Amino acid sequence: MNIKKDFGLRLKELRNKKGITQYQLAEMAGIDPKHMSHIETGRSFPKADLIEKFADSLGIEYTELFRTEHLQNRKILTDKIIKQLENFSDNDLQIVYKLISVYFN
């Protein structure tokens, strides 16, 4: 786990979700686009005030920038999902199946 890399990936994910370019977010946050690129690629980590600017610019709570559990590698995610599914009731498992089926059809 690498906090700089994970933070950068999450920031990029949220920025793309909002349809904002890297240049636009850099401008909104008042930083150089190169610095923005370095943050998103994990070569640099922002100070607290810049994290707040990113959150404000994206219209989210700053804590959303640190929700990176889903960025783990495929094997870890698969193992966690299987472990969770094993504890589900039959009804819950059917609901999950329906959700997955809808998503992939």
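FYI, it's all coordinate maths here, none of it is from the lab. Just so it is clear, the model here is predicted, and its values are computed rather than measured. Reconstructed Cβ throughout: ideal geometry from the backbone, glycine too, with neighbour counts over all protein chains shown.
For this structure, a couple of remarks:
- Across K5/K98; K53/K80; K17/K98; K18/K75, pairs whose alpha-carbon gap is larger than 27 Å: K5/K98; K53/K80; K18/K75
- Full-stretch length increase - K4, Q22 - with 0.36 nm per residue and alpha-carbon distance subtracted: 4.8 nm
- Angle of helix 3-17 to the longest C-alpha principal axis of the chain, folded into 0 to 90 degrees and rounded to 10: 90°.
- Placing dummy labels 7 Å off each Cα toward the beta-carbon, the span from I60 to E86 is 3.2 nm.
- Placing dummy labels 7 Å off each Cα toward the beta-carbon, the span from K98 to L77 is 2.5 nm.
- GNM top mover of R74, R43, R15 - the chain, alpha-carbon springs below 10 Å: R74
- Rg ratio (alpha-carbon, reference 2.2 N^0.38 Å) - the chain: 1.34
- Reach of K83 by Cα under 17 Å, taken over aspartates and glutamates that are not fewer than 8 positions away in the same chain: E69, D92
- Choice from N91, N73, N16 showing the highest fluctuation, given a GNM over the chain with Cα pairs closer than 10 Å: N91
- The chain: angle of helix 90-104 to the longest principal axis, Cα-based, in degrees nearest 10: 50
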